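Step one of this worksheet: look at the structure below.
The values are calculated or read from the model by the stated rules, or taken from the named source; none is laboratory data. Source: prediction; values computed, not measured. We place every Cβ from the backbone using ideal geometry, glycine too, and count neighbours over all the protein chains shown.
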Amino acid sequence: MIVYEAPEHVPNPVTLFLGGGITACPLWQPEVIDRLSHMDELTIFNPRREDFPIDDPDAAEEQIKWEHDMLRRADMISFWFPCETLCPITLYELGYWTAQAEWGMTKVVVGVHPEYARKQDVIIQTQLASTFDIPVEEGFDNFVGRVEDEILVMQNDASS
């Protein structure tokens, strides 16, 4: 239990879900975590396990349920599309969460590798699916920079 006594500051962490490629793609999540490690009051939900038993159907169900729950808890969901795979589940989640962002349910940040095979589809579908400005950042550095900028905005809004 944590008890805060007046006039102590009560932290209001922003929660970030790292959506994006996991299977057959580079370990990009640790780099995002490292680059955001300086940010106070940030909680990251990372779905990528160090050792995932892919052939265990119970593990798969547990993983999917965990992701489902954490996606719903997140204040912001980032979607990274690497060039090594099409990321079909991430495409599905992007569609669903773009619609939720439309209703103000969560913040969405999208990034694509310049050589991602469905880059144009992601850009066009994201523009068509939302009346909000959800830009698609091209390149990993631009993507992480946008995630960081949006976290800062959310943290400033929360402290206002």
Next item on the list: Output the residues belonging to the range 119-130 that are of a type outside the set (D, E, K, R) and part of a helix (DSSP H, G or I).
Entry: Q120, V122, I123, I124, Q125, T126, Q127, L128, A129
Notebook entry, point to check: Looking at (1) of a type in the set (F, W, Y); (2) in contact with a Gly (Cβ under 9 Å, 6 or more places away or on another chain); (3) surrounded by fewer than 18 Cβ atoms within 10 Å (Cβ to Cβ), which is the one condition that is false for Y92?
Noted result: (2)
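Given the residues E84, E50, which is the only one that is more than 12 Å from the chain's Cα centre (by Cα), modelled with pLDDT of 95 or more and in a loop (DSSP other than H, G, I, E, B)? First the steps, then the outcome.
Working: E50 fails: modelled with pLDDT of 95 or more.
None of the others qualify; the one that does is E84.
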Notebook entry, point to check: Looking at V147, is it at negative phi, aliphatic (A, V, I, L, M) and part of a strand (DSSP E or B)?
Noted result: no
Next item on the list: Pairs only if they're at least six apart or on different chains, beta carbon under 9 angstrom, first in the range 76-100 and in contact (Cβ under 8 Å) with a residue 24 or more places away in the chain and at negative phi, second outside any strand (DSSP E or B) and basic (K, R); list them, first residue then second.
Entry: S78/R146; F81/R118; F81/K119; C83/K119; L86/R118; L91/R118
Next item on the list: Determine whether P26 is touching a Ser or Thr at 6+ places or on another chain (Cβ under 8 Å) and either surrounded by fewer than 17 Cβ atoms within 10 Å (Cβ to Cβ) or touching a residue at least 40 places away in the same chain (Cβ under 8 Å) (or both).
Entry: no
Checklist line | Residue that is nearest to the chain's Cα centre (by Cα) [pool: residues in the range 61-81 that are of a type outside the set (S, T, Y) and assigned to a strand (DSSP E or B)] | finding: I77
Next item on the list: Could you list all residues from the range 100-118 that are under 22 Å from E148 (Cα atoms) and either charged (D, E, K, R) or not in a loop (DSSP other than H, G, I, E, B) (or both)?
Entry: Q100, A101, E102, K107, V108, V109, V110, G111, V112
Checklist line | Residues satisfying the stated conditions in the range 29-60, i.e. basic (K, R) and touching a residue at least 40 places away in the same chain (Cβ under 8 Å) | finding: R35
Margin query: Between D157, D133, D141, which is over 13 Å from the mean Cα position of the chain (by Cα) and either surrounded by 14 or more Cβ atoms within 10 Å (Cβ to Cβ) or part of a loop (DSSP other than H, G, I, E, B) (or both)?
Written below: D133
Notebook entry, point to check: Say we look at the range 19-39 and pick out the residues that are in a loop (DSSP other than H, G, I, E, B) and of a type in the set (G, A, S); which of these is farthest from E115 (Cα to Cα)?
Noted result: S37
Notebook entry, point to check: Out of all the residues in the range 63-74, is one or more over 27 Å from E41 (Cα atoms) and crowded, with 20+ Cβ neighbours inside 10 Å?
Noted result: no
Next item on the list: Could you check, for the range 103-117, whether at least one of its residues is crowded, with 17+ Cβ neighbours inside 10 Å, at pLDDT 95 or above and charged (D, E, K, R)?
Entry: no
